[in-house]
1. Can you put 247, 86, 469 in order, fewest other beta carbons within 10 Å first?
2. Using 0.36 nm per residue, how much length does the chain from residue 226 to residue 117 gain when fully extended, once their Cα-Cα distance is taken away?
3. How big is the range 416-459 by the Kirkwood estimate over distinct Cα pairs, in Å?
4. What helices does the chain hold that run 27 Å or longer along their axis, going by alpha-carbon atoms, with a Kyte-Doolittle average of -1.0 or more, using DSSP H for the helix calls?
5. Test of understanding: ordering 336, 388 by Cβ neighbours within 10 Å, fewest first, what list do you get?
6. Which percentage, to the nearest 5, of the DSSP beta bridges contained in the chain is antiparallel?
7. Residues with beta-carbon under 15 Å from that of residue 104, excluding residue 104: net charge, scoring Lys, Arg +1 and Asp, Glu -1?
8. Kirkwood hydrodynamic radius, computed over distinct alpha-carbon pairs, for the range 93-234: how many Å, to one decimal?
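Just so you know, all these numbers are worked out from the coordinates, no wet-lab data involved. This structure is a prediction, so every number in the text was calculated from the model and none was measured. Methodologically, a virtual Cβ is constructed for each residue, glycine included, from the backbone with ideal geometry; neighbour enumeration extends over all protein chains shown.
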Amino acid sequence: MSNPNPSVPPVRAPRWIVWLGLAALAGYAVFLARNSTVAAGGSDSSGYLNSARLLAAGRLATEVRVPAELGGPAGLFRPDFQPLGFRATAESPRMVPTYPVGLPLHLAIAGKILGWSWGPLLCGLSAAVAAVWLCYAVGRELGLAVSLAAAAAVVLAACPVLLYTSIQPLSDTLATAWCLGAVWAALRARRHAGWSAACGAACGIAVLVRPTDIVLLPALVVLLGWRWRRLALAALAGLPAAGWLAFYNDALYGGVLRSGYPSLGTAFAASYVAPTALHFLHWLAVFLPAVLFVLPLAALGRRETRTRELLALGLWFAAITAVYLSYSISHEAWSCLRFILPAIPALVLAGMLGIDALARTHVANTAGHIRCVAALIVAVWAVVASWCWTRPHAVFYTRGYENAYTSASLTARALFPKNALVLCSLFSGSIYYYTDSPVLRWDFLDASNFGRYADRARKSGLPICAVLFDVEEQDALREHCPGPWRRLAAVGNVTLWQLGPAAEK
């Protein structure tokens, strides 16, 4: 590998290109905002927002909501009352968030400053815009021409996976932005060692957002080089995030290396590697310009681009992707590509280095034209592919899907008795966020267990209500929790119910 240390910083882009880029980023932010939601919907979004609200209140965990009419938490199986995004045990009245603390910290800060509508929205938009800009900035630090760096940013911005994760409260876009920030700072540290501290801090925050981002470290070490001062500054700057994560994990989960997720032995297995690899390959080829898979080979074939930076890009992409190849759910849907979203910029940038390598085989004037034309082709390819695939995969229907949780939960808050116990599953995180009602998870119950809860509720006068998607009704109200349910209202494909008086006989 050739010497990675450039003698001079990248030449600044012409001013008109800078202004054009800023206008494009502003338009991109507006486009995302028009399609975004900050609803506490399914497991992920409600889990992150509920955890954020706890942090904003100065708490890490909370007690399980169990109606006093049922006798309180003692003597009851507390996990039956845990909403999605939380974990409760039979041994403790405490309930802890499931998800990593990084995104909730960002949301809590934004929510405290800007409110819980604007704060989370601007947090998500800022992460998306930062990821796109940093992709361009990293490309420039890698020595790419303005056209190729801009094309890399366009490819990332148009990627349906980034669009999907940027319009709702998910951690993937934020993790991608902080990974890019760490790489950008590492590249700049080759000229000014002080940037090593920024690299370490950014990497630490990326790990807070998603602990598996720790595998980015080898790529960062390659970029920083074996210079003790750079490495020491990076390590010291990363210590606050590491210390906070260790404290948080130990306080909530009983060990610095533990988390709210299931054990690794149940979530990861070698048998998932082959189907997941095919799944990732297929959808990456659909959502990105497929030529990006072979262009890095061109960069590898020329000495000028066969650099330590190219090695770092390979380590970056391979390490993050390898983690999720054996993950049990990575192959279930196209949206699971969000797990490897932080690795996608590495593939895109390596492809741009491949174009640069091919252009270098020609004289200077021709090489410049080749770079511009190739950049335009790749960027247009990415935008057209995004246009073709976002609609059939319902990327921008997300807002409607998620807002259904908000609408139904607010209707339940207005319609149900104030002291109601709410039977739900998919709605449990949303009901917990938007109301003060305790939830009862029908998917954790059988008819016998529900009968015991219903009998206690009858004796104490506690109303039991339910919020269900129509696809849940058969299982919830006939199989798991049978009874004389009376339908109160419907909000789209969501129905609201109350257990009728016949249950009191």
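1. On the way: 247 13, 86 27, 469 18.
Ascending number of Cβ neighbours within 10 Å: 247, 469, 86.
2. On the way: separation 109, 0.36 × 109 = 39.24 nm, distance 4.55 nm.
Stretched fully, the residue 226-residue 117 segment lengthens by 34.7 nm.
3. Details: mean 1/r = 0.0901 Å⁻¹.
For the range 416-459, inverting the mean 1/r across all distinct Cα pairs yields 11.1 Å.
4. Numbers: long enough: 15-34 (29 Å, 1.35); 118-141 (33 Å, 1.13); 228-253 (35 Å, 0.66); 364-390 (39 Å, 1.29).
Qualifying helices, which must be both long enough and hydrophobic enough, are 15-34, 118-141, 228-253, 364-390.
5. Numbers: 336 18, 388 13.
Placing the least packed residue first, the sequence is 388, 336.
6. On the way: 17 of 24 bridges.
Roughly 70 percent of the DSSP beta bridges within the chain come out antiparallel.
7. Values: positive: 53, 59, 87, 112, 210; negative: 44, 172.
Taking every Cβ under 15 Å from that of residue 104, the sum is +3.
8. On the way: mean 1/r = 0.0629 Å⁻¹.
Evaluated over the range 93-234, this radius sits at 15.9 Å.
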